[in-house]
Every structure is written in C-alpha cells, then in structure tokens.
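The values are calculated or read from the model by the stated rules, or taken from the named source; none is laboratory data. On a predicted model such as this, the values are computed, not experimentally measured, just so you know. Because the Cβ atoms are built from the backbone with ideal geometry, glycine has one as well, and the counts that use them run over all protein chains shown. Only protein heavy atoms, including side chains, enter the accessible area calculation; ligands, DNA and RNA are left aside. Shrake-Rupley method; radii C 1.70, N 1.55, O 1.52, S 1.80 Å.
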Amino acid sequence: MNLSDSKKKLALAGVLCGLVAAGLAYFGNPANMAFCIACFIRDTAGALGMHQAEAVMYARPEIIGLVLGAFLISAITKEYRSTAGSAPMVRFLLGMIIMIGSLVFLGCPLRMVIRMSAGDLNAWVALIGFILGVATGVLALKKGFSLGRAYVTNTVSGAVLPIITVGILILLTATNLLKASASGPGSMHAPVIASLIGGLLFGALAQKSRMCFAGGVRDVILMKNFDLLTVVGSLFIVMLIYNMATGGFTLGFDTPGVIAHSEHLWNILGMYAVGFAAVLAGGCPLRQLILAGQGSSDSAVTVLGMFVGAALCHNLGLASSGTSMNPETKELVAGAVTTNGKIALVICIIACFVIAFTSKRKAA
C-alpha cells in the first residue's frame, strides 16, 4: 500500500486528492477553498467558541476525516507509532506562526495551490514567499538545526487527538452545542457525510504518499528530488481542469469572491513565515495533521498551536480581509492586511529565525 515508492503512484495519489477537493467544491465547499487546512481549522475553532467571528464558524468534517483517515490507514498497515518529546512548546509556537502566516495570506499551502489553479495571481505571488521560506528553513537544517529526537511513548498518547476529533464529530452530528455560521464562508460546506468521506480518503492518501507541500520544495532544494512535488503537481492539474470546466478559472488579482487580497508584500511574507515554520516543525499544516493521526504527539501539539493561532487571529484582528463586492453600492472593496496582522507577522518571522539558529543538534 506504499504510494511513495514511484512517481506514477505519487501522481495517482495527487490525482485522487485533486478529485476529492474538486468533489467537495462541487458539493458545496467554497470553490476557491475546496480544501484548506488553515481555513478549516479556523472554522472549527470558531465552532468550538475559541473566537467570535460569526462568518467563519463550522466544525469541518474534513479536518476530522484527515486525522482519522491517517490514523486508520497507519493502524491497518502497521505504521502507527506513538511518539513524543521533541520540543513540544517550540512546536506549539511554530503551529501558531504557521496559522498567523496563513491567515495573513488567507490560506495554507494547499489552498495556495488551489487558488493558483483558479487563476488567482495573488497565490502565484505568494508562492515566491513560500519557496523562500522553505529555502531559509533548509539553510537552518544545513547549519545544524534540530528540535531533538522524539521517543516512543504510551500507545494511548498518540491516539488522544484522533479521539478528540471523534468527540467533535459526535458534537457536530448529535447535538446543537457547536456554533455554525448563518452566512459567509462558514455557511458554505458540502454535506457532512461527503465532507467526512472526503477527509478520510484524503487523509489516507496523504499518509501513504507522504504528501507535504513544504517537504516537496525542501527535497528539491536539498536533494534535487522532485518526487513529492509530483503529488502536488497532479493535484494542481486536476483542480485546474475542474476550474476551467466549471467556469471557476479567472486570471487576475482583484477578483471579488475569491477571498484574497492583493497586498503583494504581505502575501509573500505570510507564506514566507508558513514555509519557514513548516520546515522547522517538520511538515506543512496538512502533514502535521497526518503525522498527528499516525501517532505523533509532537505534531498534535503543533496542531493545537494552529487552533490557538486561529483564535488569536480573529480575537486580536490579525486575519486579513478578502476583496469583495459591496452589495449596496456594487463597488469593489479591496482586501487588506490589518496593522495588527503586519506587526504579528514580523514578530513571527523574527521568532522563526531565533528558533532556527539557536536550536542546534548538539544542544538538543
């Protein structure tokens, strides 16, 4: 069941993941946000009451499915391994940084690729920052960066996050305790069963293919190895075909309804922070969820950091706004990065440099 031992299998995994994302968009997810780890964690945090932004509240079954899909497939194939102990608080901080960078840009690396496939030139600009951020992380690796090794721990420890996701699923389907948006992105979603199945499939495929957006760029820089980018490229092609076939492809910058902004410097810096922090943490937001599902408590702590980061972004006004059409005046309102978001992002990038060049293998 290994999908990472040949480029053909990796390409197939990417095609299947692309079909899942396209299917979720078709069945109701925001078209430009068919599958976004950062946005979906933010929505789930809102559903749990961690922030009060009413437009982005919904417990996304895709997040639950990703974790459970990785958990189930790793258990079936005997890859599940409960580990912990590698600088948990630093990883928590890196999770917060990843989320802050993502919500300044308005999307994780997965959504960046999906936005690219829809013709959003802002995402292509942000790709520059992401590559530079990963390259900076690679430089730190070459200089001896390490958060220390993880150790095998109690089997139950690695299962805590999957169990929590099951609890959230029960709250979503069997109670009315969770909050849900009446309008805005949080109100746009595929049916629960479709979202859950999509998440399970995506999680299983990502686990078996070792899918990671930061890892793909890292491998090219470090080893001239393009294998992991095969998955990303295949997903991009599927979404490009879907967008062109359904009229979702619009080439441009200020496109209303795309949930994006055209402040290029901050798009670049937002994804720079995400790429940098992802290399330090050992994987992009998607990869962190997959690793947490297959038993890594360190990645689970990173995921918790992303949840807290999402809450802070909306509680403290760090998240950017997207370009939109004023319903009354019919005028185009440009998206923007908040002053608080800019300050927080600069602090995050400085923190990444401090972590990168003070955490050495010998010290670890």
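Any idea which residue in the range 39-55 is surrounded by the fewest Cβ atoms within 10 Å (Cβ to Cβ), counting only those that are among the small types (Gly, Ala, Ser) and in a helix (DSSP H, G or I)? Steps first, answer last, please.
Of the range 39-55, the ones among the small types (Gly, Ala, Ser) are 45-47, 49, 53, 55.
If we keep only those that are in a helix (DSSP H, G or I) too, we end up with 45-47.
Details: Ala45: 25, Gly46: 26, Ala47: 23.
Ranking the candidates gives Ala47 first.
Within the range 129-163, track down each residue that is of a type in the set (Phe, Trp, Tyr) and open to solvent by 80 Å² or more (accessible area, probe 1.4 Å).
Tyr151
In this structure, Thr173 does not satisfy being crowded, with 17+ Cβ neighbours inside 10 Å, in contact with a helix residue (DSSP H, G or I) (Cβ under 7 Å, 6 or more places away or on another chain) and of a type in the set (Ser, Thr, Tyr). Listed conditions (1) open to solvent by less than 10 Å² (accessible area, probe 1.4 Å); (2) among the β-branched types (Val, Ile, Thr); (3) over 15 Å from Ala194 (Cα atoms) are all met by Ile73, apart from (1). Within the range 56-70, is even one residue surrounded by fewer than 20 Cβ atoms within 10 Å (Cβ to Cβ), in contact (Cβ under 8 Å) with a residue 12 or more places away in the chain and touching a helix residue (DSSP H, G or I) at 6+ places or on another chain (Cβ under 7 Å)? Looking through the range 56-70, none of the residues is surrounded by fewer than 20 Cβ atoms within 10 Å (Cβ to Cβ), in contact (Cβ under 8 Å) with a residue 12 or more places away in the chain and touching a helix residue (DSSP H, G or I) at 6+ places or on another chain (Cβ under 7 Å). Of all residues in the range 15-37, those being among the small types (Gly, Ala, Ser), over 16 Å from the mean Cα position of the chain (by Cα) and in a helix (DSSP H, G or I) number 4. Apart from one condition, Leu312 fits all of (1) in contact (Cβ under 8 Å) with a residue 60 or more places away in the chain; (2) of a type outside the set (Ser, Thr, Tyr); (3) farther than 17 Å from Cys108 by Cα; the exception is (3).
Right, Leu269: within 16 Å of Ser4 (Cβ to Cβ), assigned to a helix (DSSP H, G or I) and under 17 Å from the mean Cα position of the chain (by Cα) or not? For Leu269, the condition - within 16 Å of Ser4 (Cβ to Cβ), assigned to a helix (DSSP H, G or I) and under 17 Å from the mean Cα position of the chain (by Cα) - is not met.
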